[in-house]
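The values are calculated or read from the model by the stated rules, or taken from the named source; none is laboratory data. If you're wondering where the values come from, they're calculated on a predicted model, not measured in any experiment. FYI the Cβ positions are ideal-geometry reconstructions off the backbone, even for glycines, and counts take in every protein chain you see. Just the protein is used for accessible areas: all its heavy atoms, side chains included, with ligands, DNA and RNA removed. Shrake-Rupley method; radii C 1.70, N 1.55, O 1.52, S 1.80 Å.
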Amino acid sequence: MRTGDLVRTAVRNTFRSKLRTTLTVMALFVGSFTLTLTTAVGAGVTDYVEKQVASLGADNVLIVTRTEAATGNGPTVYDPETSSASSGAAAPALPGMGGSDPITEADLDTLAGLDGIENVDPIQAVAIDYVQSGDGTQFELAINPTSSITQSDLVAGEQLDGSSSTPQLMLPSDYVEGLGFASADEAVGATVQLGVTDVLGEQQEVDATVVGVSETSLLTSGAGGNTALIGDVAEVQAAGVDTGPARYAIAVAFMDTSLTDTEIAAIKQDVTDAGFGAQTIQDQLGVIKTVIDGIIGVLNAFAIVALLAAAFGIVNTLLMSVQERTREIGLMKAMGMRSGKVFALFSLEAAFIGFLGSAIGVLAAVIIGTGLNGALAAGPLSALPGLSILLFDPVSIAGIILLIMMIAFLSGTLPARRAARKNPIESLRYE
């Protein structure tokens with residue numbers, strides 16, 4: 001019997017017991033459907049996060065904080081020179097990094113002196129009470145402290161210019177309509193007023209020019225301000241009052257863009273040895289991806305359990321088939337069919353059952369997932385444009401089908417081996 005004849009015969013034999021085959025296929029369907037959806041979720045979220053990081057354009061920077069060494073001997077003794085509460089410059093929490101004391105000018109000099117670091121800029125945290133256009137409504141607004149070093153996902157306009165002496169604002173897209181602009185393009189170039197409360201409790205206004213409108217992003221939030229704007233707001237907040245030596249929540253260390261991952265790791269270790277904590281944007285992404293991978297891993301585990309259950313179903317289905325077709329197997333072997341061909345016949349039946357279950361499961365997952373993508377994009381995920389929560393990769397889909405066919409093939413080896421070892425004379429006598 002030729003290979004083509006074996007395949008055709010295996011396909012026909014699969015449907016001899018339609019109910020038994022259908023139940024086995026349905027078990028594989030559940031595993032295939034679940035595995036396809038969970039893989040698509042992982043691919044969709046990872047793709048979106050990577051695009052967001054790529055849009056930041058900050059591959060050569062380290063976000064640096066002043067770490068507090070744990071003594072292991074109880075609470076730390078208060079020191080007014082280093083206490084973050086005394087300075088009012090407590091560093092914001094960053095993913096994967098604990099709380100820290102503020103960075104001083106001496107710390108900036110220390111960082112700038114490390115090999116591989118070209119320059120270090122402090123990041124000032126400023127508080128904005130509101131943003132207003134003309135005599136319109138006042139809206140609460142927050143300035144992202146790292147906006148001066150990152151690239152925004154632009155809807156209109158251009159990126160912030162750190163070297164400009166003009167106070168520039170990157171306006172979030174959801175503020176455009178509220179501030180009275182007909183479109184994002186109309187907002188670009190407009191002057192808005194920022195309300196700022198100074199150290200004496202008086203509210204002042206700072207003018208800023210809108211140079212761009214940004215889309216909502218997963219990794220960045222709030223408005224953006226260039227160095228000139230941050231400086232103006234900080235000056236108004238201080239109100240000319242001497243608050244002592246400058247202290248900053250975080251600093252940004254710039255590295256050579258040509259550095260390799262190994263060289264960047266060495267610089268990060270030098271920064272750590274100097275008493276600081278340092279993370280790249282990719283490090284912060286790694287924290288997010290770890291959580292995502294953990295969730296997807298748990299969901300995939302359920303799919304694997306379903307596939308293992310289906311594997312036992314295949315074994316049972318084919319063992320019963322071998323038992324029912326004992327005389328037929330004896331006849332085939334009596335007519336000259338070798339044991340290897342018999343083994344191949346039943347193995348192909350198992351693989352075909354695996355193909356049916358996986359193909360139907362994948363097809364159903366793609367159809368339902370495509371519909372879910374549209375519904376979620378227009379509903380709960382509308383605040384994250386560009387996110388396809390389910391991303392179906394043809395390579396992954398093909399891999400899932402092949403994986404399930406392999407599981408089915410391996411499950412069918414025991415029944416196939418039993419069929420191949422049947423004695424033709426005894427099989428023909430079987431009642």
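Taking the range 134-149, which residues are touching a residue at least 24 places away in the same chain (Cβ under 8 Å), open to solvent by 30 Å² or more (accessible area, probe 1.4 Å) and over 17 Å from residue 234 (Cα atoms)?
Matches in the range 134-149: 134, 136, 137, 138, 139.
Restricting attention to the range 144-166, report how many residues are among the acidic types (Asp, Glu) and either assigned to a strand (DSSP E or B) or over 25 Å from the mean Cα position of the chain (by Cα) (or both).
Number satisfying all stated conditions: 2.
Return the pairs, sorted by first residue and then second, in which the second residue is not in a helix (DSSP H, G or I), the first residue lies in the range 5-31 and is polar (S, T, N, Q), the beta carbons are less than 7 Å apart, and the residues are 6+ apart or on different chains.
Once the first residue is polar (S, T, N, Q) and sits in the range 5-31, its partners that are not in a helix (DSSP H, G or I) give 21/15.
When the range 167-180 is examined, which residues are found to be in a loop (DSSP other than H, G, I, E, B) and touching a strand residue (DSSP E or B) at 6+ places or on another chain (Cβ under 9 Å)?
At the first step, the residues of the range 167-180 found to be in a loop (DSSP other than H, G, I, E, B) are 167, 176-180.
Result: 167, 176, 178, 179.
For residues that are among the polar types (S, T, N, Q) and within 15 Å of residue 233 (Cβ to Cβ), scanning just the range 158-182, find the one that is most open to solvent (accessible area, probe 1.4 Å). Spell out how you get there, then give the answer.
Narrowing the range 158-182 to residues among the polar types (S, T, N, Q): 159, 163-166, 168, 173.
Applying the additional criterion that residues be within 15 Å of residue 233 (Cβ to Cβ) yields 165-166, 168.
Numbers: 165: 107, 166: 63, 168: 19 Å².
Applying the filter and picking the extreme gives 165.
Are any residues in the range 1-32 more than 24 Å from residue 341 (Cα to Cα) and of a type in the set (Phe, Trp, Tyr), and if so, which ones?
The one that is more than 24 Å from residue 341 (Cα to Cα) and of a type in the set (Phe, Trp, Tyr): 29.
Show the residue pairs meeting these rules: Cβ distance below 6 Å; 6+ apart or different chains; first residue within the range 150-176 and farther than 23 Å from residue 121 by Cα and at pLDDT 90 or above; second residue assigned to a loop (DSSP other than H, G, I, E, B) and basic (Lys, Arg).
Every condition considered, no pair remains.
Give, as residue ranges, the helices (runs of 4 or more DSSP H) completely inside the range 343-431 that count at least 3 residues that are open to solvent by less than 40 Å² (accessible area, probe 1.4 Å) and at pLDDT 80 or above. I'd like the intermediate steps shown before the answer.
Working: elements: 394-411, 413-420, 424-429.
Here the list reads 394-411.
Among the residues in the range 271-286, are any surrounded by 14 or more Cβ atoms within 10 Å (Cβ to Cβ), assigned to a loop (DSSP other than H, G, I, E, B), modelled with pLDDT of 85 or more and among the aliphatic types (A, V, I, L, M)?
Yes, the range 271-286 contains a residue that is surrounded by 14 or more Cβ atoms within 10 Å (Cβ to Cβ), assigned to a loop (DSSP other than H, G, I, E, B), modelled with pLDDT of 85 or more and among the aliphatic types (A, V, I, L, M).
Can you say whether residue 227 is modelled with pLDDT of 80 or more and open to solvent by 80 Å² or more (accessible area, probe 1.4 Å), as far as the supplied structure shows?
Numbers: modelled with pLDDT of 80 or more: yes; open to solvent by 80 Å² or more (accessible area, probe 1.4 Å): yes.
Considered against the rule, which asks whether it is modelled with pLDDT of 80 or more and open to solvent by 80 Å² or more (accessible area, probe 1.4 Å), residue 227 comes out as yes.
Being of a type in the set (D, E, K, R) and surrounded by fewer than 14 Cβ atoms within 10 Å (Cβ to Cβ) is the filter; apply it to the range 1-38 and report the residue that is farthest from residue 312 (Cα to Cα). First the steps, then the outcome.
Going residue by residue through the range 1-38, those that are of a type in the set (D, E, K, R) are 2, 5, 8, 12, 16, 18, 20.
Checking the rest, the ones that are also surrounded by fewer than 14 Cβ atoms within 10 Å (Cβ to Cβ) come to 2, 5, 8, 12, 16, 18.
Working: 2: 29, 5: 27, 8: 24, 12: 22, 16: 19, 18: 18 Å.
Restricting to residues being of a type in the set (D, E, K, R) and surrounded by fewer than 14 Cβ atoms within 10 Å (Cβ to Cβ), the top hit is 2.
What number goes with the only condition from (1) in contact with a Gly (Cβ under 8 Å, 6 or more places away or on another chain); (2) farther than 27 Å from residue 398 by Cβ that residue 331 does not pass?
Condition (1) is where residue 331 drops out.
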